[in-house]
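This report concerns only the one structure given below.
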Amino acid sequence: MAQVEATTERIVAADAETVFDALADYRGSRPQLLPEHFSEYEVREGGDGAGTLVHWKLQATSKRVRDCLLEVSEPTDGELVEKDRNSTMVTTWRVTPAGDGRSRVVVTTTWKGAGGIGGFFERTFAPKGLDRIYGAILANLAAQVEK
């Protein structure tokens, strides 16, 4: 099994604290950021950053649906880590100042991929699919916080 990684980033015209707070608000703003690839969204514990337990289904392709139960931590300032209890998937959101009231948001997802030819296709195409999905989330985030 090989490690698979997908990274997407965007500069947002809002300060880092505002952007981070929107991402960490799993009860309020986070559900509004999610595109059609997400369903069955439910906060099961917490709801504001570290200590949150959130569930959703992620439909990455027409045939691939991942049932996710994510534990949220904040290991450092400006960082949210979502670890899936159902798989090896870990998503890390990093928000850093980018000058003039702007922020850089970088989201990276990693997991242990399949082996063989299936793993080759997963490593080749899954990061591109996740880039589109996370690009949509970041566009929605920008629209929400840049008001």
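Couple of notes before you dig in:
- Non-local Lys pairs in the chain, i.e. 8 or more apart or on different chains, that have alpha carbons under 20 Å apart: 7
- Element breakdown for the chain at a 1.4 angstrom probe: carbon and sulfur atoms account for 48% of the accessible area.
- Compactness index (Cα Rg / 2.2 N^0.38 Å), the chain: 1.02
- Helical contribution to [θ] at 222 nm, DSSP H n ≥ 4, -39,500 (n - 2.57), averaged over the chain, rounded to 500: -10000 deg cm²/dmol
- Residues Ala13 and Thr110, FRET efficiency given R0 of 30 Å [Cβ-Cβ distance, rounded to 0.05]: 0.60
- Prolate/oblate/rounded call for the stretch 9-57, Cα gyration tensor, a/c under 1.5 rounded: oblate
- Cleavage-rule hits (GluC sites (Glu not before Pro)) in the stretch 23-78: DSSP loop, at most 12 neighbouring Cβ within 10 angstrom: Glu36
- Solvent exposure of the chain amounts to 52 Å² per residue of accessible area, where only protein heavy atoms count and the probe is 1.4 Å.
- Packing around the peptides 139-145, 59-65, taken as the average count of other Cβ atoms within 10 Å per residue, puts them in this order, highest first: 139-145, 59-65.
- Taking Arg66, Arg27, Arg104 and ordering them by how much accessible surface each has at a 1.4 Å probe, largest first, produces Arg27, Arg104, Arg66.
The values are calculated or read from the model by the stated rules, or taken from the named source; none is laboratory data. In this text, all values refer to a predicted model and were calculated from it rather than measured experimentally. Methodologically, a virtual Cβ is constructed for each residue, glycine included, from the backbone with ideal geometry; neighbour enumeration extends over all protein chains shown. Each accessible area value is taken on the protein alone, full model and side chains, heavy atoms only, with ligands, DNA and RNA left out. Shrake-Rupley method; radii C 1.70, N 1.55, O 1.52, S 1.80 Å.
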